[in-house]
Amino acid sequence: MVSTLVADRVRWRRERSERDRDALRTSFMEYLGALAQARDAFTRAEPSQVRIGRGHIAVSEYGVYTAQHQLELVAPQLVLDRARQATLAVLDFHDAVVAGHDAGSDEYLIAWRAVGEARSRLVEAMQTALRRY
């Protein structure tokens with residue numbers, strides 16, 4: 001009887017761990033997808049001095065903040081910190097585009113690379129978090 005209880009407990013822990021990992025992976029994918037949608041949309045944004053500094057409104061339209069709030073429920077602190085950095089990098093990219101910097105300008109390229117670097121650091125933290133489960 002004791003061995004059956006122990007086996008059931010081990011199975012329960014394994015199943016719970018798999019569910020937690022799946023929930024974490026889903027949250028990660030939703031955030032990365034929303035962030036990519038916002039970034040891609042910003043590459044096509046028209047210059048507008050009025051919209052500089054208002055990227056947070058545009059980012060929310062693509063569900064980035066909603067996905068980020070979901071991360072806050074399940075992700076470790078390092079992932080949350082990196083997600084915030086990635087969001088800020090996308091906001092900076094938005095501002096570079098709406099300020100009128102085109103794809104060949106230094107400002108655009110610097111902002112674009114910053115988004116890529118922030119995303120890479122985020123994905124690395126996400127992969128580490130998933131390996132822990």
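The values are calculated or read from the model by the stated rules, or taken from the named source; none is laboratory data. Note that the structure is predicted; figures quoted are calculated from it, not measured. So basically every Cβ, Gly included, is an ideal-geometry build from the backbone, and we count neighbours across all protein chains shown. Note: areas computed on protein heavy atoms with side chains; ligands, DNA, RNA excluded. Shrake-Rupley method; radii C 1.70, N 1.55, O 1.52, S 1.80 Å.
Within the stretch 40-61, the set of residues being in a helix (DSSP H, G or I), open to solvent by 40 Å² or more (accessible area, probe 1.4 Å) and over 10 Å from Val97 (Cβ atoms) comprises Asp40, Gln49, Val50, His56, Ile57, Ser60, Glu61. Set side by side, the residues Leu71, Leu109, Leu88 differ, and just one is open to solvent by 40 Å² or more (accessible area, probe 1.4 Å) and in contact (Cβ under 8 Å) with a residue 24 or more places away in the chain, which is Leu88. Tell me whether the stretch 87-97 contains one or more residues that are over 28 Å from Ser17 (Cβ atoms) and touching a His at 6+ places or on another chain (Cβ under 8 Å). The answer is yes, given that some residue of the stretch 87-97 is over 28 Å from Ser17 (Cβ atoms) and touching a His at 6+ places or on another chain (Cβ under 8 Å). Within the stretch 74-84, the residues that satisfy the criterion of being surrounded by fewer than 17 Cβ atoms within 10 Å (Cβ to Cβ) and more than 18 Å from Tyr133 (Cα to Cα) are Asp81, Arg84. Can you find a residue that is acidic (Asp, Glu), at pLDDT 95 or above and within 21 Å of His56 (Cβ to Cβ) anywhere in the stretch 97-109? The answer is yes, given that some residue of the stretch 97-109 is acidic (Asp, Glu), at pLDDT 95 or above and within 21 Å of His56 (Cβ to Cβ). The test for being of a type in the set (Lys, Arg) and either touching a strand residue (DSSP E or B) at 6+ places or on another chain (Cβ under 9 Å) or within 25 Å of Leu73 (Cα to Cα) (or both) holds for Arg25. The one condition from (1) farther than 17 Å from Arg119 by Cβ; (2) out of contact with any Leu (no Cβ under 9 Å at 6 or more places or on another chain); (3) in a helix (DSSP H, G or I) that Ala36 does not meet is (1).
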